[in-house]
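The values are calculated or read from the model by the stated rules, or taken from the named source; none is laboratory data. The shown structure was predicted, so the numbers you read here are calculated from the model rather than taken from an experiment. So basically every Cβ, Gly included, is an ideal-geometry build from the backbone, and we count neighbours across all protein chains shown. For the accessible areas, the whole protein counts, side chains as well, though only heavy atoms, and no ligand, DNA or RNA atoms are used. Shrake-Rupley method; radii C 1.70, N 1.55, O 1.52, S 1.80 Å.
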Amino acid sequence: MNGQRERGDIEGFREFEFDLPVALLNHLVREFDTMEAAPLNSGALARVPEAQGIYQLFLDEELVYVGKTDADAGLLKRLLRHSRKIIHRNDLSPERVTFKAVRIFVFTAMDLETQLIRHYTAEKGTAWNGSGFGANDPGRERDKTAPGRFDRAFPIDIDRPLELDLSGSATAAEVAARLKATLPYTLRYQSLSKGSRKPHPDLANTLITMTESRTTARRALTELTRQLPSGWQATALAALLILYKERVDTYPGATVLARS
């Protein structure tokens, strides 16, 4: 009965229980089903507020992800992060991904995410939920674990030309910081100490010369690494690039780009 139940019907008295989660779920499903999806790009996202709500992502018009946000990390911020994540990926063009989003004014979206995932996965599932797609950089401790399904299916494309001029002389830390700010995926490099935001002394104190005015992430990181003091290694993982003073050949599915 659309989320409501009646019981204990006696003369002059009746109990009424309204199943709010079910009613809200049913309403949201109808709302999503009547919406048109929009491209997951900055133009379409400009109309989305920074507010709590629920959203869906589609790949080639097939639902692949259901997510939620709260007031602190609203719809716009989350969807912009997702739109950036699908850039520079092998076998995935951003034009293939679209979204739907619904703002929720009063009720927390916390339980709705689980309910919506359960509803939409009853038949065939949402491929990117539980795949690592929505995760942030898990940090150094997870580099030697196998990448998630999303990153295995769509690894980063480090050979994509960059709109970035690195030519000239600068410290290795400055070049790495500029490259990190440009890439739509993570470049993580060694800091002074664990938890520190200051770069390792080798990066801060080594002056390097970059020769190419237009380059790729692979060429830029390779050229940078080869000019560092002995012992450094640049590695391409499925989801990110790392630059550390190490000699490691055991990162799952990774490629060592350069060593100094």
**OP:** Please get the size of the charge dipole for the chain, origin at its Cα centre, with Cβ charges of +1 on Lys and Arg and -1 on Asp and Glu, quoted in debye to the nearest 20.
**Re:** 1260 debye
Subject >> Nearest-0.05 FRET efficiency for ARG149 and SER93, computed from C-beta distance (R0 30 Å) >> reply: 0.95
Original post:
Which of the peptides 231-243, 193-205 is most tightly packed, and how do the rest follow, judged by the mean count of other Cβ atoms within 10 Å per residue?
Top reply: 231-243, 193-205
Subject >> Mean projection area, nm², convex hull over Cα of region 109-224 >> reply: 9.8 nm²
Original post:
With contacts defined as alpha carbon pairs under 8 Å and 6 or more residues apart, what's the relative contact order of the chain in percent?
Top reply: 14 percent
Original post:
How are the C-alpha pair distances of region 217-260 spread across 10 Å bins, as whole percents from the shortest bin up?
Top reply: 33, 58, 9
**OP:** Grab the beta carbon distance between ALA181 and THR34, set R0 = 45 Å, and tell me the FRET efficiency rounded to 0.05.
**Re:** 0.65
Original post:
Can you give the accessible area per residue of the chain, in Å², using a 1.4 Å probe?
Top reply: 55 Å²
**OP:** With a 1.4 Å probe and every protein chain kept in, tell me what percent of the accessible surface of the chain is carbon plus sulfur.
**Re:** 50 percent
**OP:** Go through [x] 0.91; [y] 0.96; [z] 1.30 and flag the label whose value is the computed Cα Rg over 2.2 N^0.38 Å for this structure.
**Re:** [z]
Original post:
Given the C-alpha centroids of region 18-79 and region 174-244, what is the distance between them in whole angstrom?
Top reply: 36 Å
Original post:
Given region 166-260 reduced to its alpha-carbon atoms as identical point scatterers, what log10 I(q)/I(0) does the Debye formula return at q = 0.10, 0.20 Å⁻¹?
Top reply: -0.22, -0.96
Original post:
Given a 1.4 Å probe and the protein chains all in place, what does the accessible area of GLU113 round to, in Å² to the nearest 10?
Top reply: 40 Å²
Subject >> Charge dipole of region 85-187 about the Cα centre (unit charges at C-beta), most positive-ward option of SER93, GLY148, PHE105 >> reply: PHE105
Original post:
Among ASN41, ALA236, ALA176, which residue has its Cα positioned farthest towards the positive end of the charge dipole of the chain, with +1 placed on the Cβ of Lys and Arg, -1 on the Cβ of Asp and Glu, and the dipole taken about the Cα centre?
Top reply: ALA176
